[in-house]
1. Given the convex hull of the Cα atoms of the stretch 105-195, what is a quarter of its surface area in nm²?
2. Compute the distance in nm between two label points, each set 7 Å from the Cα along the Cα-to-Cβ direction, one at V92 and one at I7.
3. Starting from 0.36 nm per residue, how many nanometres of slack lie between A26 and V14 once their C-alpha separation is accounted for?
Amino acid sequence: MNKRVIIGVGIVVVVAAGAAVVWWLASPLFINRVVDEEFPDAAELAANPEKLMDMPEDERAEVQDEVMEAAASMPDKQASDAMPEASGGPLVLAQGAFMDADEFHQGSGTATLYELDGGGHVLRFENFTVTNGPDLHVFLLQGESMDGALDLGPLKGNVGDQNYDIPAGTDVSAFTGVSIYCVPFHVTFATASFE
């Protein structure tokens, strides 16, 4: 009888472990992770403390109303400074449209490589969607294959606008496109070639 209990417990453990693995592999096919990030504005991010972003929406609206009332009551102040040369804002270095890897692994939207005013670089996805999968990562490509690709980290969401910082000192001119890549199974889900 003891042997039957041990075998029964062993079967339950194996089935539970198998179910967990199946869920990990299959759940991304049914669950979308939506991301909707604003484009980073380096000057604004430097000027505003993080605690304002952590406030609940109603408190933030109240603070905004108070600031607007205070600004409206201030007297006008005339200035006669010369117009400085306008900063061009973020500079588009390269852009490409996402394409399906195959009939099952599909993606759409645009990938744009920007140089920021402060000298940093960011990769931005807009109107982006891709078939979800386990452990998807964002890679900058140096050609058609994954040789020499730069891993920018896990995909934040399979739907929505999102930003990926590029490490300082990276030669962005070497990159020819972007790949959404499933790391454990070595499968490309979508690619965008830079124009």
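1. Hull-based average projected area comes out at 5.6 nm².
2. Label-label distance for V92 and I7, simple model: 6.8 nm.
3. Contour length minus Cα-Cα distance gives 2.5 nm.
A short reminder: the numbers here are calculations on the coordinates, not readings from a lab. Since the structure is predicted, the reported quantities are computational estimates derived from the model, not experimental observations. Using ideal geometry, Cβ is built from the backbone for each residue, glycine included, and neighbour counts are taken over all protein chains shown.
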